[in-house]
Amino acid sequence: MWWDERVSARFRRNLQPTLTYWSVFFSFGLCIAFLGPTLLDLRCQTQSSLSQITWVFFSQQFCLLLGSCLGGVFKRTLAQSLFALFASSLAISLVFAIIPLCHNVVVLAVVMAVAGLAMGCIDTISNMQLVKIYQKDSAIFLQALHFFVGFGALLSPLIADPFLSDTNCILSNSTANASSNLPHIRKSLVPHHPGNLSHYDLPMKGMVVTRVSYAFWIMALINLPVPIAVFFLLYKERMVPCFNGSSHPLLSADELAMETRPGDKDELSPPVQRAQAAGGHDDFFSCCQSKNFRGASYTYFAVHITGALVLFMTDGIVGEYSGFVYSYAVEEPLSVVHKVAGYLPSLFWGFITLGRLISIPVSYCMKPATMVFINVVGVLITFLLLLIFSSSVVFLFVGTASLGLFLSSTFPSMLAYTEDILQYQGCATTVLVTGAGIGEMVLQLLVGSIIHDRGSYSFLVCGMIFGCLAFTFYALLVFFHRMYPKPSPELDDASPAKAAVGDDTGQYQR
């Protein structure tokens, strides 16, 4: 087997919570990718202009970032985390069910803002809880967690596709002229970015003939087992009202021997144990409190900042590449046929999903730092080759697949690496999730304005620059890792820089 018996025993012990967190991330992926292909039908449903409906993208992305910052608030107890996940996953099902009833673009934007908040909470809490459970063994389980995002992101467009309108879904006198632009516009509306649609003229008044409501109701039903799974976990832990007694599962004799064998866990002194109870993963606002900075070395801050900057760049590349690769392909000199170019975003997300699946066994055999190094170097080489062979359509498809593979495991690997440096005591999870969300939002806007001013070729140049910056920040992270103080019981109890030994029993903590 590609993992040892100790990890296997820990996984069996935490099977239900682990599967629950994975399923909740499936909800995240299901919700993140449906908006692009369905946006034209939603425009018809709300009878709004293209410029108005694209604000729905912004409301979702902005609130996703806000939810990521707020998600850490619910981490203080297991009950708070699970109730937040239950509410968030249930909210996503309700959003899918309510979207067909939104006939006003402002109402739709508000509903998508709620979905964004739910997605942000899911993102932060699920990552935090898995890191808490598995700690130094968390890399493999984080890889699996992010595989489910890609799986959900692939599934939702496939569900929506049979129900999308082939012609304009608002019938009026100008429908015949507008319908010829529809395939090009729809392929421009890829996940995360609406593209530049101001020069397209589509009718706003008339009879609505869209069938996209069925797609949303199907997705609501598909997502419904997720909040049910979270509810069952709450019930098992006796956190549901009227069933709030303590119910900690016991280790078997064999598992207890595996978990407590010599060398896996050092004897902790009382001050270290007290620091363990007080330390850990704070929410974004708690991380910014001055009391958390007392006695911290500069390397403590440097590890957080450089780790977040790496993800700022790499997640930004994911957003800008998936958002603009179609527009780049259909422009000169490539001039790819619109229907063929439409496969590029799907190819990119498909290989991200495949890469995350491959990374699950690989992460057990390879250190997170090595995986991040391979990722950032692979991104650099891929962009360099895309620039060299910029006139080759074949290599554009090969490069898109390669870029998806190299970017796929960057986030979970960086999270595992940074948390390991800090001995699971800093604010790494919150800071990294927030940095990745900001990068995905900001770099899309930046690249969009640059492409508008400098042309489509600047799309690859920007990607190369971001890749170089990601590699530079990674090198700085490795440098600060070497300078970061090793765990020592003599460190001040109140110092967040103290690398206390984490709870490595693998027990599911309340």
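The values are calculated or read from the model by the stated rules, or taken from the named source; none is laboratory data. Source: prediction; values computed, not measured. FYI the Cβ positions are ideal-geometry reconstructions off the backbone, even for glycines, and counts take in every protein chain you see. Quick note on the areas: whole protein, heavy atoms, side chains included, nothing else; ligands and nucleic acids left out. Shrake-Rupley method; radii C 1.70, N 1.55, O 1.52, S 1.80 Å.
Miscellaneous remarks
- Taken over region 309-392, the alpha-carbon convex hull comes to 99 cubic angstrom per residue.
- Full-extension gain in nm, Leu334 to Leu387, via 0.36 nm per residue minus C-alpha separation: 17.8 nm
- Solvent-accessible heavy-atom area per residue, rounded to whole Å², over region 296-486 at 1.4 Å: 38
- Local electrostatic count at Ile451 - Lys and Arg +1, Asp and Glu -1, tallied over other residues with Cβ under 13 Å: -2
- Counted residue by residue at 0.36 nm each, then reduced by the alpha carbon distance between them, the extension gain from Arg6 to Ala475 reaches 165.6 nm.
- Each residue was assigned an accessible area with a 1.4 Å probe, and for Leu164 the value is about 20 Å².
- Spatial separation of Cα centroids for region 379-438 and region 103-149, in angstrom: 18
- Ranked from largest to smallest solvent-accessible area, with a 1.4 Å probe on the protein heavy atoms, Met464, Met112, Met366, Met483 come out as Met483, Met366, Met464, Met112.
- Where trypsin sites (Lys or Arg not before Pro) fall in DSSP loop in region 18-100, at most 15 other Cβ within 10 Å: Arg76
- Sulfur and carbon atoms: percent of accessible area, region 296-486 [1.4 Å]: 73
- Ordering 466-478, 16-28 by mean Cβ neighbour count within 10 Å, with the highest value first, yields 16-28, 466-478.
- Overall form of region 296-486 per C-alpha gyration tensor (a/c, 1.5; a/b vs b/c): prolate
- Per-residue accessible area (protein heavy atoms, 1.4 Å probe) orders Asp315, Asp41 as Asp315, Asp41, starting from the largest.
- Percent RCO, i.e. relative contact order, over region 296-486, from Cα pairs under 8 Å lying at least 6 residues apart: 44
- Segment Asp453-Phe395, extension gain: residue separation times 0.36 nm, minus the distance between their alpha carbons: 18.3 nm
- Accessible area in the full protein assembly, largest first, 1.4 Å probe, for Val336, Val377, Val114, Val394: Val394, Val114, Val377, Val336
- Distance between modelled label sites at Phe58 and Ala87, nm, 7 Å Cα→Cβ extension: 2.8
- Spin-label model distance (nm) - Ser49 vs Met483, 7 Å beyond Cα toward Cβ: 5.3
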